[in-house]
1. Around LEU192, under 11 Å between beta carbons, what's the net of Lys plus Arg minus Asp minus Glu among the other residues?
2. Please report, as a whole percent, how much of the solvent-accessible surface of the chain comes from carbon and sulfur atoms (probe radius 1.4 Å).
3. Using the heavy atoms of the protein chains alone and a 1.4 angstrom probe, what is the accessible area of the range 78-200 per residue in square angstrom?
4. In sequence order, what are the phi-derived ³J(HN,Hα) couplings for the range 47-64 according to the Karplus relation 6.51 cos²θ - 1.76 cosθ + 1.60 with θ = phi - 60°, rounded to whole Hz, with x for glycine and proline?
5. Summarise the long-distance tail of P(r) for the chain by giving the % of C-alpha pairs beyond 21 Å.
6. Check which residues have an amide H placed less than 5 Å from MET90's amide H, if you skip close sequence neighbours.
7. Please give the net charge around SER39, taking every other residue with its beta carbon less than 15 angstrom from that of SER39, where Lys and Arg add +1 and Asp and Glu add -1.
8. I want the local charge near THR136. Using Cβ-Cβ distances under 15 Å, sum +1 for each Lys or Arg and -1 for each Asp or Glu among the other residues.
Amino acid sequence: MKKIVVLISGGGSNLEAIAKACQIGNIPASIELVISNQSNVKGLERAKKFHLMSKVIEHQNFNTREEFDQALLEQILPIEPDLVVLAGFMRILSNDFTEALNGKLINIHPSLLPDYPGLNTHKQAVENGDLMHGITVHYVNNQLDGGPIITQGALKIDPAQSEAKLISRIQKIEHAVYPKVIADIAKGYIGLQDDEVKFEAE
Ligand code: GRF
């Protein structure tokens, strides 16, 4: 059984989708620990609902990004996880952190990268009159939302729809795609070699 650590900052709807997939055996792995950098977020309630061990490490309690990241690594590395999953984790990570977990760290980002790294992706896609919007799952390196892309999911923007509706459509795609990618990584069908994503036949 592979071991996963999930990092969150908020709602945790992706965490829930991943936990469900582990519970029903679609992902052959167990979530060993959930870490949130915010206390009192819904994601922590979701962790409890699935009986997952969780810890809060608040970034405000550290003087530098590096010290915060070191505190994260002190919790993560002893677990010897096969995969560390960023699921709405809203912190920029230091080089030391991404290097320590090279090839074992993935993120989901709500845009069709390389379009719109960073925040407010939905608003930018709509304001620019884009026809399509979507999500990207990628390995994490030291560039913000810039690591090797594993897969993407796209939808057509309906300009008449509210931003809230667009976000909910985007999240539906996330909840389908992220668990599937994690399952494929856990089964050894996807991996990172020499900074390139490798896909093996199922
Ligand atoms: C997701 O849309 C993800 O793409 C982005 O933050 C959001 C997190 O949602 N990075 P949740 O906390 O999983 O509900």
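The values are calculated or read from the model by the stated rules, or taken from the named source; none is laboratory data. This one's a predicted model, so the numbers in the text were calculated from it and none came from an experiment. In this analysis, Cβ positions are derived from the backbone assuming ideal geometry, glycine residues included, and neighbour counts consider all displayed protein chains. Keep in mind that these areas ignore ligands, DNA and RNA; they rest on the heavy atoms of the full protein, side chains included. Shrake-Rupley method; radii C 1.70, N 1.55, O 1.52, S 1.80 Å.
1. Here the charged neighbours net out to -1.
2. 48
3. Ligands and nucleic acids excluded, the result is 51 Å² per residue.
4. So the Karplus estimates, Gly and Pro as x, are 4, 4, 4, 9, 6, 9, 6, 9, 9, 9, 10, 7, 5, 5, 7, 10, 6, 10 Hz.
5. Summing the P(r) of the chain above 21 Å gives 51 percent of all pairs.
6. SER9
7. Taking every other residue near SER39 into account, the sum is +3.
8. Charge balance in the 15 Å sphere: -3.
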